[in-house]
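Here the structure comes first, spelled out in structure tokens, and everything after it is commentary.
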Amino acid sequence: MLYDQPLPGQSVPPPVSMTAGLATAVLHVDWHRPTTLKHTQRTPQAALEEAIGLAQAIELDVVYQQSFYLNKISPATLLGKGNVENLQDLIRALSIQLVVIDSVLSPVQQRNLERIWKCKVIDRTGLILEIFGARARTSEGRLQVELAALKHQRSRLVRSWTHLERQRGGFGFIGGPGESQLELDRRLIDQRILKLEKELNNITKMRALHRQARRRQDKPIIALVGYTNAGKSTLFNRLTQANVFAENLLFATLDPTMRRCAIPSPAGHRPLEIIFSDTVGFISNLPTELIAAFRATLEEVCAADLILHVRDAAHPDTHAQAQDVEGILHDLGVIDQNLEKAPLIVNVYNKIDLLPATERDVILNQVARQLNAVAISAQQGDGIKDLLAWIYQRFQDKDLAIYTAQLSSHQGAALAWCYRHGLVLERHDDDQGHIHLKLQLTPFQRQYLQTLNLGF
């Protein structure tokens, strides 16, 4: 629904129904940003197309679209007086019911634009919350979305209600008019947030117990991450023969799914059992409320033995998308300077079947020179055998061999990685501060450590 969620025990004015065919205008706004802020550069057209894709993901009828580049933003309306007036005439002429601003709106800006344009206005955060609310299927997913929505709503109560001038609480005999409706609304939201956080905390503990149980089975866990619509669910279905919902839509998958599968041996040996985990897609400028709410789910990524970073090789902004994913992984603590906490990450260049022959050859040559990269088409099945063979070699212990290495005293992170990922057989510390190791590794692990110049 395109309205703020009702508070517990409280009725609200009738919401604008989020139905297919709702006449919508999508406006992308960009402006000069300080260089200190994290911002991956995209073309205005690509950013606008992504915003339109988000709107279409919940079947909104986009009847108008436009990009704005501002030298400065207006504190009152974001866009400035001239742009607002021009859009006012257009909104009336096209009978637009909803305007999506692909940026962050303050509560004041949102309220002013709705008053001037006489229609519903939401920003990027609100739109993503609407998508997540529509896509959540599990009880955990719905709890996570509700928590994020309430935290977003809390700061916008000043705009949400028409009855805030009323007073509630006492009869006025002891001083003061009582508790304002705004204060009551905020208190009700806070109470609901505390309840949701407690329930999600219990889920987090339960997930931790499940991870411990999976560890006792000694089966590798592989997490699929990537930008939304990169093809994670399609690849997941291809690898596990599952039937996870996979469509050419942004955020087609929200709830995480885990499946066990047996990977055949390229040499005809015993199959290797793997647990694959499909996760929600990432996106640029992902609301912080969502990252916090979905942390319990995303912890599955942190606990994985291997991460497949699925990239849409055919997308014109594939590099910017990859930077966004890496930024979120860094914020989650997955990408860390401490190698002990860092699972191996493999770049999976997907949708190569959509590339022209020359560009596909470039990708294939690039992958051939990289240790941790594979090129595939999850839809057509191209490269899947190579990916499975790569995974099998990474985890099967038939090819374990003994190697020696010399580390200096300041390479503590690398030492921790050796203890976590390999089997340390002997250790000797000399008087010069060098650490001499004899350890058992797979060929892949040895190749990986060679890139760190550890003397293998």
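Derivation of every value follows stated rules applied to the coordinates shown; laboratory data play no part. Predicted model only: the values in this text are computed from it and were never measured. Methodologically, a virtual Cβ is constructed for each residue, glycine included, from the backbone with ideal geometry; neighbour enumeration extends over all protein chains shown.
Worth pointing out:
- Two-site FRET efficiency, Ala262 against Ala368, from Cβ-Cβ distance with R₀ of 25 Å, rounded to 0.05: 0.35
- Calculated FRET value between Gln432 and Ile402, using beta carbons and R₀ = 25 Å, to 0.05: 0.55
- Amide proton proximity set for Glu273, modelled H, under 5 Å, gap of 5+: Ile263
- Distance in nm between pseudo-label sites at Arg142 and Val424 (7 Å out along the Cβ direction from Cα): 4.9
- Summary of packing: across the peptides 427-436, 306-315, the per-residue average of other C-beta atoms within 10 Å ranks them, highest first, as 306-315, 427-436.
- Set Lys118/Lys151; Lys72/Lys232; Lys219/Lys438; Lys120/Lys205; Lys81/Lys120; Lys72/Lys118 screened for pairs whose C-alpha atoms are more than 29 Å apart: Lys72/Lys232; Lys120/Lys205
- Take the Cβ atoms of Ala134 and Glu359, set R0 to 25 Å, and the FRET efficiency comes out at 0.10.
- Normalised contact order of the range 97-139, rounded percent, pairs of Cα under 8 Å and 6 or more residues apart: 46
- Inter-probe distance in nm under a simple model that places probes 7 Å from Cα toward Cβ, at Glu183 and Asn86: 4.6
- Burial ranking of peptide ranges 56-65, 193-202 (average Cβ count within 10 Å, highest at the top): 56-65, 193-202
- The order of the peptides 381-388, 83-90 by mean Cβ neighbours within 10 Å, most packed first, is 381-388, 83-90.
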